[in-house]
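Below is one structure, written out as structure tokens, with a few remarks after it.
No value in this document is a laboratory result; all are computed from the given coordinates. Not measured: the values here are computed from a predicted model. All Cβ positions, glycine included, derive from the backbone under ideal geometry; neighbour counts span all protein chains shown.
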Amino acid sequence: MGIFDSISRLFSRQQSTATPVPPAIQYADFSEVPSDEDIPYIDHRVVDESKLTPAQREWRRDGVVMLRGFIPDEVTEAYIRRREALGKPPGWLIATPYMHIPEMRDLALYPPLMEKLQEVIGEPMMLHLCLTGWLSSQRGWHQDDYLNPSFVNSWYAAVWIALGDIHPDSGPFEYVPGSHRWPLMRGEKVRKFLTPEELTRREPKTGYNHWERYAERFVNPAIDYEVATWDRKPVKFLAKRGDVLIWHGRLIHRGSDPNVPGMERRSLIAHYSGINHRPDMPVRGQDQNGQNYAVFETSLID
Ligand SMILES: O=C(O)CCC(=O)C(=O)O
Ligand SMILES: [Fe+2]
């Protein structure tokens, strides 16, 4: 072997074995392992796998249920028309636009979808948050459940409803299969690392304190490190209109960076908690099919 071969082999070996460096604030610093009695049965350390449905088995293994072609065009149509009429790529800026837009409620509470949610979580679910942007959120890797009070304990799921063909360059939803078994991030543990200014800062348009965004400065590097050193690789949800992905409140996921900034990505994202696990959301409504949503007195802002 010549000297140049040796040098190039050495160089490539150094590159491929380059170990990611653990950041100062680590994932373990803002997460904990929840006890079985606090979380849904399907997430317990030991369950009788022979009694699980295919969707429950997928949920337990991967932390998602992927439902291709699940929602017929007739069901997505009315909301798509309403959302198109708004015209603004970021969508409505409040967390609960479904309070004002019945077409959104009808879609997010589509009965077969609510049935699937109950099948994996183990109790009826209640809608309380919708994200209506037709762009990638570009949020870094995170679990969702830490945005809630700790008593929610993963009685929580979100759905990604594709409303058009999702272009790979638009920044698709991306997740790490199996990461729903990682320790559970806790909001109060994350907030301990924020400054007093960050804890009281208010966004001008909505008045919201987005502590979770300010925390990305240390949450992102901590999870990037875990993802880079974990043995299962991230998956992008490349979807067509009517495809749905349900994901676990503890699943690591992100809105990936678009290769073409500003490229349209048509979806409705809806978040739900178990009806018996939201004492902080006591006022509820039911739609014509008896599906539950949390009632908030808000004004619609776009
Ligand atoms: O942009 C995305 O697809 C990610 C959205 C997200 O993280 C969420 O809805 O919890
Ligand atoms: Fe999320």
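Does the range 41-90 hold any residues that are over 22 Å from Gln291 (Cβ atoms), outside any helix (DSSP H, G or I) and of a type outside the set (A, V, I, L, M, F, W, C), and which are they? Matches in the range 41-90: His44, Arg45, Asp48, Gly63, Arg68, Gly87, Lys88, Pro89, Pro90. Residues of the range 18-32 that are surrounded by 12 or more Cβ atoms within 10 Å (Cβ to Cβ) and of a type in the set (Val, Ile, Thr): Ile25 alone. Go through the residues of the range 108-125 one by one and say whether even a single one is within 13 Å of ligand 1 (Cβ to nearest atom), of a type outside the set (Lys, Arg) and part of a loop (DSSP other than H, G, I, E, B). No, that holds for no residue. Each residue in the range 148-185 was checked for being away from ligand 1 (no atom under 15 Å from the Cβ) and either in contact with a Phe, Trp or Tyr (Cβ under 6 Å, 6 or more places away or on another chain) or in a helix (DSSP H, G or I) (or both), and 3 of them qualify.
Among the criteria (1) in contact (Cβ under 8 Å) with a residue 60 or more places away in the chain; (2) part of a helix (DSSP H, G or I); (3) more than 16 Å from ligand 1 (Cβ to nearest atom), the one Gly242 does not fulfil is (2). Restricting attention to the range 254-293, the residues that are among the charged types (D, E, K, R), more than 16 Å from ligand 1 (Cβ to nearest atom) and either surrounded by 16 or more Cβ atoms within 10 Å (Cβ to Cβ) or assigned to a loop (DSSP other than H, G, I, E, B) (or both) total 3. Scanning the range 133-147 for residues that are assigned to a loop (DSSP other than H, G, I, E, B) and either surrounded by 23 or more Cβ atoms within 10 Å (Cβ to Cβ) or within 10 Å of ligand 1 (Cβ to nearest atom) (or both) turns up Gly133, Leu135, Ser136, Ser137, Gln138, Arg139, Gly140, Trp141, Gln143, Asp144. Any chance you could count how many residues in the range 118-154 are farther than 21 Å from Ile94 by Cα and within 16 Å of ligand 2 (Cβ to nearest atom)? Adding up the residues that qualify gives 3.
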